[in-house]
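Working notes, beginning with the structure itself.
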Amino acid sequence: RDKPTHVEFSKTDITGDKELSGARMEVLDKKGQVIAQWTSGEKPYKLTGVLKAGETYTLRETAPPDGYAYGSDVKFTVSRDGTIDRVTMKDEVTRVKILKIDAKTGLALAGARLELVTLDGAVAAAWTSTKEAYLLEGKLRAGQTYLVREKKAPSGYRVLEEDIYFTVPKEAGVITVEVENQKNPSAGDPKEPEKPEGP
């Protein structure tokens, strides 16, 4: 009697082996047809007697949990002898840095009150800028657009009138969003010394 094929799929955080719930997953054959779809839970997802022995398939993530980047496709080949195959995909958290800078010098500015807002108007985060970039780690949804809104400018600078829009990348990695401020004309820049007139 032939043994049925048996494949177990694990979805975990990049930092450990604990199952990550809430990811929408699918398995595709070599022609790109979807063979199975599911949402990851607290235990590995199992396919028994569904996949063909010796065939190569692709495990793909179609929507990660909030706060995680999309995992890379994982190709795997089903064992011919009925051995239990274990296929694991790991997700990294999304990372976005927001830095308030002087528009002219590019230097970091402290003292601005900022908000991170979703497109439906919900405030996702609020903070006061420092000389270091503000890090949002594992909080934003991959592929979603947010906006940075300035509530108060640093001393001597004009309040930014337009919101800054950005989209969290689907791939893992860190992006930096720079929010520029112009100096207040009344504050003024130090004037350059006047050049003496010719002899």
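Over all pairs of distinct alpha carbons, what does the Kirkwood formula give as the hydrodynamic radius of region 34-153, in Å?
On the way: mean 1/r = 0.0557 Å⁻¹.
Result for region 34-153 stands at 17.9 Å.
Taking 0.36 nm per residue of separation and subtracting the Cα-Cα distance, what length does fully extending Gln144 through Ala110 add?
Working: separation 34, 0.36 × 34 = 12.24 nm, distance 2.72 nm.
Result for the pair: 9.5 nm of gain on full extension.
What is the extension gain from Ala53 to Arg24, computed as 0.36 nm multiplied by their sequence separation minus the C-alpha to C-alpha distance, in nm to one decimal? Mind showing how you got there, number by number?
Values: separation 29, 0.36 × 29 = 10.44 nm, distance 2.46 nm.
Net length gain for the segment: 8.0 nm.
Exactly which GluC sites (Glu not before Pro) in region 1-75 are in a DSSP loop and have at most 14 other Cβ atoms within 10 Å?
Details: sites: Glu8, Glu19, Glu26, Glu42, Glu55, Glu61; in loops: Glu42, Glu55.
Here the GluC sites (Glu not before Pro) that fit, given the DSSP loop and packing criteria, are Glu42, Glu55.
Given just the C-alpha atoms of region 1-85, how large is their convex hull per residue in cubic angstrom? Don't skip to the answer; put the middle values down first.
On the way: hull volume 7.8 nm³, N = 85.
So the per-residue hull volume is 92 Å³.
Taking all pairs of distinct Cα atoms, average 1/r, flip it, and tell me the Kirkwood hydrodynamic radius of region 72-118 in Å to one decimal place.
Numbers: mean 1/r = 0.0613 Å⁻¹.
So the Kirkwood estimate lands at 16.3 Å.
Tell me which trypsin sites (Lys or Arg not before Pro) from region 11-42 have a DSSP coil assignment and no more than 14 other beta carbons within 10 Å of their own. Write down the numbers at each step before the final one.
Numbers: sites: Lys11, Lys18, Arg24, Lys30, Lys31; in loops: Lys18, Lys30, Lys31.
Those satisfying the criteria are Lys18, Lys30, Lys31.
Full-extension gain between Thr118 and Asn184, please, as 0.36 nm times their residue separation minus the C-alpha to C-alpha distance.
20.9 nm
For the pair Ala103 and Arg80, how long in nm is the line joining their label points, each one 7 Å along Cα→Cβ?
It is 6.8 nm.
Going highest first, how would you order 118-127, 151-160 by mean Cβ packing within 10 Å?
Working: 118-127: 11.0, 151-160: 16.0.
Going from most to least packed, we get 151-160, 118-127.
Please state the charge dipole magnitude for the chain, taken about the Cα centre, from unit charges on C-beta atoms (+1 on K and R, -1 on D and E), reported in debye and rounded to the nearest 20.
Working: 31 positive and 32 negative charges, 106 e Å.
Computed about the Cα centre, the dipole is about 500 debye.
Cut-off under 20 Å on the C-alpha distance; same-chain residues fewer than 8 positions from Lys183 excluded. Which lysines are left, in chain and number order?
Within the straight-line limit of under 20 Å, Lys183 reaches these lysines: Lys100, Lys104, Lys131, Lys151, Lys152, Lys191.
Which value, in debye to the nearest 20, describes the size of the charge dipole of region 77-195 about its Cα centre when Lys and Arg Cβ atoms bear +1, Asp and Glu Cβ atoms bear -1, and nothing else is charged? Mind dumping the intermediate values first?
Values: 19 positive and 19 negative charges, 45 e Å.
Dipole size: approximately 220 debye.
Restrict the search to region 98-168; then list the GluC sites (Glu not before Pro) that DSSP places in a loop and that have at most 14 other Cβ atoms within 10 Å of their Cβ. Numbers along the way, then the final one.
Numbers: sites: Glu115, Glu132, Glu137, Glu150, Glu161, Glu162; in loops: Glu132, Glu161, Glu162.
In loop regions of region 98-168 (DSSP not H, G, I, E or B), the sparsely surrounded GluC sites (Glu not before Pro) are Glu132, Glu161, Glu162.
Using only Cα atoms, locate the centre of region 7-62 and the centre of region 139-169, then give the distance between them in Å, rounded to an integer.
Centre-to-centre (Cα) distance: 36 Å.
What whole-number value in Å² describes the accessible area per residue of the chain for a 1.4 Å probe?
Result: 63 Å² per residue.
The values are calculated or read from the model by the stated rules, or taken from the named source; none is laboratory data. Nothing here was measured: the structure is a model prediction, and the numbers come from that model. Virtual Cβ from ideal backbone geometry, glycine too; neighbours counted across all protein chains shown. Keep in mind that these areas ignore ligands, DNA and RNA; they rest on the heavy atoms of the full protein, side chains included. Shrake-Rupley method; radii C 1.70, N 1.55, O 1.52, S 1.80 Å.
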